[in-house]
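Written out below as structure tokens is the structure these notes cover.
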Amino acid sequence: MGLFGLYSLKDRLAIEINNERIIVEKKSIDTFCYRRERSDEIIESKIFTANSATELSVTPLRPIHLHQQIARHVMVCINPSFSLPPRSEVSLTLTVPIEVGVLASVVETSDHLLDFFSISKPKYALYGPPESGFICRFHNSDLNNSAGSMPYAEATAFVRFENPTSSWVSVHRIVMDAYMFDLYLKDDIVYLEDTKVIIDDEKTAQVLLNNKPPMPGLQEAPIVSDALKRFRLGLLERTGLGVKDRFLMEYGY
Amino acid sequence: MEWYEYSIPGVQFTVIQLIIALLVIAVGVVIGRMVSLSARRVFTTAMSDHSSYLLQRIVNYFVIIVAVLAALSYLHVDFTGALLAGGFLGIIIGFATQSVVANFISGFFLQIEKPFAIGNSIKVMDSDIQGVVTAINVFSTTLCSFDGVNTRIPNEKLFTSKILNYSKHVARKVIMNVGISYKEDVAKAIDILKKKLNENPLILSEPEPLIYLDDLGDYSLNLSIHIWAPSATWFTLKTQVVQQVKEALDLAGVEIPFVQRVMWRDNL
């Protein structure tokens, strides 16, 4: 059985994800104690109240909650980098970082994010110059890694690279706005939405998140406490600009 | 003169004219409020809250003044005397309020140039004041210094001063030096430091940390460490790095020498 999903609140509930141990204990009829431990050290502890309809949900999250004031973008460094011939395209499998969220969830109402954490240790990088660049969550991704993504730490991203220019290009990295990520789920394997990278010229490329699953049969992971994406999608639809989220990589790729 | 006619020196008007003039002023007040609110709404995204409020008030007063002048003009009020008196009064008020006006104008240009915003950490070089900007007002700007003291700086002073803005860029560099003993392996020490610094999530992976032998000092080989950090966490990182460097070198048994002098005595 997968670890992502809904759990009913009992007298005691324990979930172990890699080195993180989530424990929920009933304190009174409607009060629960949430605790997250790592190597017997308590990392997070809080009390919450719940009714009979409340469940605990463990779900993949976009990598925007840790160090929230620092970074909203993700930089994926591709190892090894690859070259793309003129007027060609290629589909590659990469990985992007994710976080794990624990939510108190009541059916058909809003969820409450109790806790979040990252299985992989976060690192950050600067994309562009300090005066106008972006601080990004840094992630190294193997190119077409046969072992797949690291469970609960990474999502698999199927990315189509298109080079409509008349010259060869070398691609070392892609940068995306993590607020715009849609994550999909099947058997605890997390997938990033359908993604396309279009090379504009020797320094500029566009990263398009197409707001649809990369393959059929996937379940969408919930977007937690963020109306921004829904608002933006609605705006894109209403204005007829197309249902795509676009990030312009203007400082090289 | 009929009952409905009135006069004050130099001006003669009827009740109807007076009512119309008052109506013009009333309409001016209403229009002023509507136009100023619209202006604030239009510029609310482009300007800070405070600037848009200032704009609203300026537009409001401007429309009201125009309405009052139009009403007086309708009543055939002669402005010659008022203008002459106003001219003298203006000169006197101008001298008296020179610094107030200078601060107001500087505040206006600070809003346009935007060398800092609310929440930015800045240092005013001329007066050696530093802190976080908490308010940008019409005549002055307020900082909360890093030791928690509220400081009011006149806008004119700010406008003519050199200002360091620590928050303007998304990333900042931390530079520190550490000395190791002459007997130590420099490459090994650099490797140890790189590994340790790489463990800190707040140190940016790109641009990569740069560590190099900077100087052959009197008592030590001086290593220079250059690392980049997000501006938002620069100070936190700066406080962590020195300790981490010391711990890493201690753990690896790399000696950080203190100043020592070898004295020789001639054996007479």
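The table below lists the values:
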read-out	value
Residue selected from region A:121-130 under the condition part of a loop (DSSP other than H, G, I, E, B) and under 30 Å from B:Leu164 (Cα atoms), by the criterion nearest to the other protein chains (Cβ to nearest Cβ)	A:Pro130
Residue match in region A:87-104 (condition: more than 14 Å from every other protein chain (Cβ to nearest Cβ), surrounded by 19 or more Cβ atoms within 10 Å (Cβ to Cβ), farther than 23 Å from A:Leu192 by Cβ and modelled with pLDDT under 90)	yes
Output for region A:76-124, where each listed residue is touching a Phe, Trp or Tyr at 6+ places or on another chain (Cβ under 7 Å) and over 30 Å from A:Glu16 (Cα atoms)	A:Ser83, A:Leu84, A:Pro85, A:Pro86, A:Glu89, A:Val90, A:Ser91, A:Leu92
B:Thr160 vs. criteria surrounded by 13 or more Cβ atoms within 10 Å (Cβ to Cβ), touching a residue at least 12 places away in the same chain (Cβ under 8 Å) and in the same structural domain as B:Ser121 (by TED's automatic domain parsing)	no
Filter result for the condition that a residue is within 14 Å of chain B (Cβ to nearest Cβ) and touching a strand residue (DSSP E or B) at 6+ places or on another chain (Cβ under 8 Å), over A:Gly217, A:Gly133, A:Gly148	A:Gly133
Yes/no for A:Ser39 being in contact (Cβ under 8 Å) with a residue 60 or more places away in the chain, surrounded by fewer than 16 Cβ atoms within 10 Å (Cβ to Cβ) and either of a type in the set (Phe, Trp, Tyr) or under 26 Å from B:Ser205 (Cβ atoms) (or both)	no
Lone unmet requirement of (1) without any contact (Cβ under 8 Å) to a residue 40 or more places away in the chain; (2) buried (at least 16 other Cβ atoms within 10 Å of the Cβ) for B:Asp128	(2)
Test for A:Ser110: is it more than 14 Å from chain B (Cβ to nearest Cβ), under 22 Å from the mean Cα position of the chain (by Cα), surrounded by fewer than 17 Cβ atoms within 10 Å (Cβ to Cβ) and of a type outside the set (D, E, K, R)	yes
Selection status of A:Ser118, within 10 Å of chain B (Cβ to nearest Cβ), out of contact with any Cys (no Cβ under 8 Å at 6 or more places or on another chain), closer than 22 Å to B:Glu199 by Cβ and among the hydroxyl-bearing types (Ser, Thr, Tyr)	yes
Of residues in region B:138-166 being polar (S, T, N, Q), out of contact with any helix residue (DSSP H, G or I) (no Cβ under 7 Å at 6 or more places or on another chain) and not in a strand (DSSP E or B), the one farthest from B:Gln98 (Cα to Cα)	B:Ser161
Matching option when the condition is over 21 Å from A:Leu61 (Cα atoms) and of a type in the set (Ser, Thr, Tyr), among A:Ser8, A:Ser39	A:Ser39
Every pair of residues 6+ apart whose Cβ atoms lie under 9 Å, when the first sits in region B:1-13 and is outside any strand (DSSP E or B) while the second is at pLDDT 70 or above and of a type outside the set (A, V, I, L, M, F, W, C)	B:Met1/B:Ser7; B:Met1/B:Gln12; B:Glu2/B:Thr14; B:Tyr4/B:Thr14; B:Gly10/B:His76; B:Gly10/B:Asp78; B:Gly10/B:Gly81
Residue in region A:151-170 that is among the β-branched types (Val, Ile, Thr), farther than 22 Å from A:Gly2 by Cα, modelled with pLDDT of 90 or more and part of a loop (DSSP other than H, G, I, E, B) present	yes
Region B:97-121, subset of a type outside the set (Ser, Thr, Tyr) and over 16 Å from B:Glu156 (Cβ atoms), residue surrounded by the most Cβ atoms within 10 Å (Cβ to Cβ)	B:Asn120
Residue check, A:Glu55 modelled with pLDDT under 90 and either under 24 Å from the mean Cα position of the chain (by Cα) or assigned to a loop (DSSP other than H, G, I, E, B) (or both)	yes
Of all residues in region B:225-257 being in a loop (DSSP other than H, G, I, E, B) and of a type in the set (A, V, I, L, M, F, W, C), the one that is farthest from the other protein chains (Cβ to nearest Cβ)	B:Ile256
Count of region A:181-205 residues which are crowded, with 17+ Cβ neighbours inside 10 Å and either within 15 Å of the chain's Cα centre (by Cα) or farther than 24 Å from A:Gly148 by Cβ (or both)	15
Set A:Ile22, A:Ile64, A:Ile70: member being in contact with a helix residue (DSSP H, G or I) (Cβ under 9 Å, 6 or more places away or on another chain), under 23 Å from A:Glu99 (Cα atoms) and more than 14 Å from chain B (Cβ to nearest Cβ)	A:Ile64
Search result, residues across region B:36-95 that are free of Cβ contacts under 8 Å to residues at least 40 places away in the same chain, among the aromatic types (Phe, Trp, Tyr), within 30 Å of B:Pro9 (Cβ to Cβ) and surrounded by 11 or more Cβ atoms within 10 Å (Cβ to Cβ)	B:Tyr61, B:Phe62, B:Phe79
Unmet requirement for A:Met75, which otherwise passes all of (1) farther than 30 Å from A:Arg38 by Cβ; (2) within 14 Å of chain B (Cβ to nearest Cβ); (3) surrounded by 17 or more Cβ atoms within 10 Å (Cβ to Cβ)	(1)
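The values are calculated or read from the model by the stated rules, or taken from the named source; none is laboratory data. In this text the structure is predicted, and so the values were computed from the model without any measurement. Cβ: placed from backbone, ideal geometry, glycine included. Neighbour counts: every protein chain shown.
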